[in-house]
Amino acid sequence: MPPILSILIVDDSHDDALLIARHIRKQGYEVIWERVDTAEDMLRALHGTRWDVVISDVNIPGFGAASALSLYKELGRDCPFVVVSGIVGEEAAVSLLKAGADDFVLKSNLARLVPALEREFKDWQVRQARIQAEDALRASEERYALAARGANDGLWDWDLIEGGIYLSQRWKDIVGHGGDIGTDPEEWFDRVHPEDKEEVHAAIAMHIAGLSPNLAIEHRLRHRDGSWRWVLARGMAVRNIHGRPTRMAGSLTDITANKLAEQQLRKTTDELTNALASKTRFLAAASHDLRQPFQAMRLYQHMLSEKVEEPTCSKMVANLGEAMSAGEALLHALLDISTLDAGIVPVNRSAFPAIDAVAAVAREFEQEAAARNIRLRVTGTRDMVDSDPTLLGRMVRNLVANALRYTPDGGRVLIACRRRGPTLAVEVWDSGIGIAPDMHEAIFEDFVQVANPERDRRKGLGLGLAIVRRTARLLGCELSLRSQPGRGSTFTIALPRVVPAEGPNVVRLPSRKEGPKSMGPQHVLLIEDDEIQAAALQQLLDVWGYSVSLAATAEDAFAYMAGVPTMPHLIISDFRLPGEFNGVQTVARICNDAHRHIPAIIVTGDTAPERIKEATATGCRLLHKPYDPAVLKATMEAVIGPEGAVARDSGRRE
């Protein structure tokens with residue numbers, strides 16, 4: 001069924017009116033129309049029928065489009081008013097459009113008429129929807145005013161045409177004024193804090209321009225007593241049928257108490273953050289200063305242990321080594337904490353059988369467990385997990401060390417890998433002393449230990465479980481604990497399981513690997529400004545059969561490299577050096593000047609996160625002081641490569 005249009009045609013020619021009606025009908029509409037040519041007839045027609053559109057000719061004896069349009073507006077009709085005429089001047093057409101006509105169509109070009117009507121119908125529908133929305137808004141405002149009085153909010157209503165603003169009594173009370181505030185909008189804006197004025201004006205301007213759906217702006221207003229009140233101003237603009245804003249109304253909420261609470265919370269948080277940063281810097285500096293003498297002592301103790309044969313002296317050297325190991329363990333634990341807190345520990349994920357990483361860790365504790373008659377066993381499935389095998393090994397290592405420490409001689413420690421739905425649970429069981437429920441959370445904090453009030457270093461440092469928790473968070477895996485006093489403990493690491501692989505249920509511990517093979521004579525450039533450490537390390541390298549060139553500063557190293565015909569096989573440099581360059585920068589410049597890569601090891605006693613980030617950003621190997629001489633030797637072998645192949649390939653200058 002075609003759409004129906006009711007049309008009032010203002011024209012003195014019946015034939016022209018019939019022509020217009022027929023043309024519209026040909027375009028697919030059912031037309032109901034009436035023609036009038038006097039003001040009396042038009043007034044009667046407008047009162048008697050609701051018309052969809054009024055179409056008027058310009059020149060009608062005694063009447064015309066201008067008079068028809070004026071009468072149409074007086075009666076408040078809002079349907080489209082379109083002028084259709086034969087010949088009319090441009091000035092008359094413009095005058096009618098300015099007076100409120102919606103469009104102008106020539107009778108000689110009626111093809112434009114229906115598209116023009118359809119466009120005006122759409123615009124009329126938009127206007128109707130806007131009017132309905134405004135009516136709904138007014139009703140909503142009335143309801144909101146009632147709610148605002150209950151919520152103790154102030155109300156405001158700004159006439160954007162006349163410029164006046166209404167401020168409710170509650171609005172005035174918020175800023176400490178009674179009835180002595182006028183209707184000028186500046187009564188509001190003059191009270192805005194200078195730092196907030198620009199933002200407030202911008203928010204209002206954006207909403208008036210239609211660039212934001214509503215107004216919501218937090219700012220400060222000056223109270224009568226001179227203090228500042230934080231407020232939240234919310235509102236919405238009311239627009240006329242042309243989309244122009246005519247008024248804006250809303251509420252004002254006093255949020256001073258909330259803001260003061262936020263500021264206090266932010267201050268407290270900042271203080272805690274600064275305290276934590278100070279603690280981290282202190283530990284980093286203390287660790288660096290302690291590592292320096294520890295490293296020299298470790299090198300000399302190692303060389304001394306290989307030369308002393310008298311039993312009493314050998315025992316003393318061994319005891320010295322144990323004391324140094326305890327100190328080194330503390331420093332290495334602090335280093336682990338620092339790197340995890342700095343967020344610089346790389347995660348290298350891969351699919352691997354978790355049981356392999358677990359078994360490798362268990363092998364490290366085989367002798368300790370056997371010496372105390374503790375049954376250490378590994379069991380479980382060979383299912384694959386998606387994780388970092390190195391970091392998983394570190395976590396299990398700390399858990400096993402903790403289990404052995406608190407398990408009495410003759411007890412049991414079990415490491416198991418079991419399926420738990422989509423995850424693989426790596427569990428460390430022990431038959432030790434157990435942990436009270438109120439300590440289940442505290443034991444993961446730094447330096448917290450169970451049953452060690454005397455701080456016996458042989459019972460650990462209280463950092464192992466803190467490191468485990470940080471590493472679990474880094475890997476994104478769940479860490480849980482089940483324990484009761486006197487009944488042992490079970491720590492569980494839940495890892496995402498991938499494609500399972502069937503295999504034996506019980507895994508045998510792998511046999512020990514052979515130590516690093518000795519290397520032939522090679523040339524090392526040693527850059528170290530600490531005379532004691534430089535002398536100790538040079539003596540150790542001499543014992544190992546290396547030829548060593550020593551430089552105390554970066555400038556000494558540059559001068560040495562400028563005068564030698566061949567490259568060193570390896571550079572060992574301290575990170576902190578006197579002068580402009582640190583160890584990383586020194587190695588980089590040497591390689592750049594030589595136009596080739598030279599293997600390098602950077603040694604550092606600095607645990608500050610920013611220092612560690614800078615060192616690990618290079619391709620150099622990093623050793624933290626104090627390091628074990630055996631670790632240094634193995635690292636040198638790994639960096640230089642089998643039989644010094646890398647060094648020989650890059651040994652000559654081009």
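The single condition from (1) over 17 Å from R473 (Cα atoms); (2) within 35 Å of the chain's Cα centre (by Cα) that R349 fails is (1). Scanning region 94-109 for residues that are aliphatic (A, V, I, L, M) and surrounded by fewer than 20 Cβ atoms within 10 Å (Cβ to Cβ) turns up V94, L97, A99, L106. Among the residues of region 540-558 satisfying the criterion of being farther than 17 Å from V584 by Cα and of a type in the set (F, W, Y), which is modelled with the highest pLDDT? Going through the qualifying residues, I end up with Y546.
Which of the residues belonging to region 43-68 are assigned to a helix (DSSP H, G or I) and in contact with a helix residue (DSSP H, G or I) (Cβ under 8 Å, 6 or more places away or on another chain)?
Within region 43-68, the first condition is being assigned to a helix (DSSP H, G or I), and the residues that meet it are 43-48, 65-68.
Matches in region 43-68: L43, L46, A65, A66, S67, A68.
Against the conditions (1) modelled with pLDDT of 85 or more; (2) surrounded by fewer than 13 Cβ atoms within 10 Å (Cβ to Cβ); (3) more than 57 Å from the chain's Cα centre (by Cα), P115 satisfies every one except (3).
Give R229, R239, R191 a once-over and let me know the one that is of a type in the set (D, E, K, R) and either surrounded by fewer than 17 Cβ atoms within 10 Å (Cβ to Cβ) or within 23 Å of A139 (Cα to Cα) (or both).
Details: R229 fails: either surrounded by fewer than 17 Cβ atoms within 10 Å (Cβ to Cβ) or within 23 Å of A139 (Cα to Cα) (or both); R191 fails: either surrounded by fewer than 17 Cβ atoms within 10 Å (Cβ to Cβ) or within 23 Å of A139 (Cα to Cα) (or both).
Only one candidate passes the filter, namely R239.
For A326, the conditions (1) part of a helix (DSSP H, G or I); (2) in contact with a Lys or Arg (Cβ under 8 Å, 6 or more places away or on another chain); (3) modelled with pLDDT of 80 or more all hold with the exception of (3).
Checking M567, M519, M561 one by one, the residue that is modelled with pLDDT of 90 or more and crowded, with 17+ Cβ neighbours inside 10 Å is M561 and no other. Against the numbered list (1) at pLDDT 80 or above; (2) part of a loop (DSSP other than H, G, I, E, B), A257 comes up short only at (2). The residue list V58, V83, V105 contains one member that is in contact with a Lys or Arg (Cβ under 7 Å, 6 or more places away or on another chain), touching a residue at least 12 places away in the same chain (Cβ under 8 Å) and among the aliphatic types (A, V, I, L, M), which is V105. Of the residues R44, R35, R22, R50, the single one that is in the same structural domain as K122 (by TED's automatic domain parsing), of a type in the set (K, R) and surrounded by 15 or more Cβ atoms within 10 Å (Cβ to Cβ) is R35. When the residues of region 27-42 are narrowed to those that are of a type in the set (A, V, I, L, M, F, W, C) and assigned to a strand (DSSP E or B), which ends up nearest to D12 (Cα to Cα)? Checked region 27-42; the qualifying residue nearest to D12 (Cα to Cα) is V36. Residues being loosely packed, with under 12 Cβ neighbours inside 10 Å and on the phi < 0 side of the Ramachandran plot: count how many of those fall in region 76-93. Final tally of qualifying residues: 4.
The values are calculated or read from the model by the stated rules, or taken from the named source; none is laboratory data. Predicted, not measured: the structure shown is a model, and the values here were computed from it. Here the Cβ is made from the backbone with ideal geometry for all residues, glycine too, and neighbour counts use every protein chain on show.
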